[in-house]
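Heads up: the structure comes next, in structure tokens.
The values are calculated or read from the model by the stated rules, or taken from the named source; none is laboratory data. These figures come from a predicted structure and were not determined experimentally. Every residue, glycine among them, receives a Cβ derived from its backbone with ideal geometry; neighbour counts consider all protein chains shown. These accessible areas exclude ligands, DNA and RNA; they are computed on the full protein's heavy atoms, side chains included. Shrake-Rupley method; radii C 1.70, N 1.55, O 1.52, S 1.80 Å.
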Amino acid sequence: MGCYVVGSAGSSQKVDLLKNKLGFDDAFNYKEEPKLDAALKRYFPEDIDICFENIGGKMLDAVILNMKVYGQITIYGMILQYNLEQLECLQNLFCLIMNRIRLDGLIASDYYHLYPK
């Protein structure tokens, strides 16, 4: 028994890479989805157990709505936020409490010491 893995990317080429080279079960272009919540419900009809999040903003908000109780979100980036003058605020944070979702941050530089020079 393994994981059902779905990736989201910002271009058709990246979606193709995820599905055909990296072996993801499925993938979609989040920039082409008018309603991210509906897209996630389509790909995860039984909700999401684990999410490695690098997009942030509206995508993270939709992910929070689609998490299972006791789910895990690890955030290692927020690409949609990097160049904004005014950061987007999340609207669904209360779901973290109600669904007992664990949220962690990850910074790659914390692990640089593990790589040989």
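Quick check on my filter: what residues within segment 15-51 are closer than 26 Å to Gln86 by Cβ and either of a type in the set (D, E, K, R) or within 14 Å of the chain's Cα centre (by Cα) (or both)? Passing the criteria: Asn29, Tyr30, Lys31, Glu32, Glu33, Lys35, Leu36, Asp37, Ala39, Leu40, Cys51.
Return a yes/no flag: does segment 4-15 have any residue that is of a type in the set (A, V, I, L, M, F, W, C) and not in a strand (DSSP E or B).
Here is the first cut: in segment 4-15, the ones of a type in the set (A, V, I, L, M, F, W, C) are 5-6, 9, 15.
Remaining after also requiring not in a strand (DSSP E or B): 5, 15.
Within segment 4-15, one or more residues are of a type in the set (A, V, I, L, M, F, W, C) and not in a strand (DSSP E or B).
Look at Gly7 and say whether it is at pLDDT below 95 and of a type in the set (Gly, Ala, Ser). Spelling it out, it is not the case that Gly7 is at pLDDT below 95 and of a type in the set (Gly, Ala, Ser).
Could you tell me which residue of segment 44-82 is farthest from Cys95 (Cα to Cα), considering only residues that are touching a strand residue (DSSP E or B) at 6+ places or on another chain (Cβ under 9 Å) and aromatic (Phe, Trp, Tyr)? Don't jump to the end; show me each part of the working.
To start, the set of residues in segment 44-82 that are touching a strand residue (DSSP E or B) at 6+ places or on another chain (Cβ under 9 Å) comprises 44, 46-56, 59-60, 63-64, 66-68, 70-78.
Filter once more, so that each one left must be aromatic (Phe, Trp, Tyr): 44, 52, 70, 76.
On the way: Phe44: 17, Phe52: 17, Tyr70: 11, Tyr76: 20 Å.
Per the stated criteria, the residue is Tyr76.
Each residue in segment 77-117 was checked for being surrounded by 14 or more Cβ atoms within 10 Å (Cβ to Cβ) and of a type in the set (D, E, K, R), and 1 of them qualify. Looking across segment 1-23, the residues that are of a type outside the set (Val, Ile, Thr), surrounded by 15 or more Cβ atoms within 10 Å (Cβ to Cβ) and under 14 Å from Cys51 (Cβ atoms) come down to Gly7, Ser8. Beta carbons closer than 6 Å, at least 6 apart along the sequence or on distinct chains, pair a first residue in segment 1-12 that is over 8 Å from Asn29 (Cβ atoms) with a second that is assigned to a loop (DSSP other than H, G, I, E, B) and at pLDDT 95 or above for Tyr4/Asp25; Val5/Phe24; Val5/Asp25; Gly7/Phe24.
For Ile75, state whether it is in contact with a Gly (Cβ under 7 Å, 6 or more places away or on another chain) and among the β-branched types (Val, Ile, Thr). So Ile75 passes the test. Picking from residues in segment 54-76 that are under 10 Å from the mean Cα position of the chain (by Cα) and open to solvent by 10 Å² or more (accessible area, probe 1.4 Å), the one that is farthest from Arg42 (Cα to Cα) is Tyr76.
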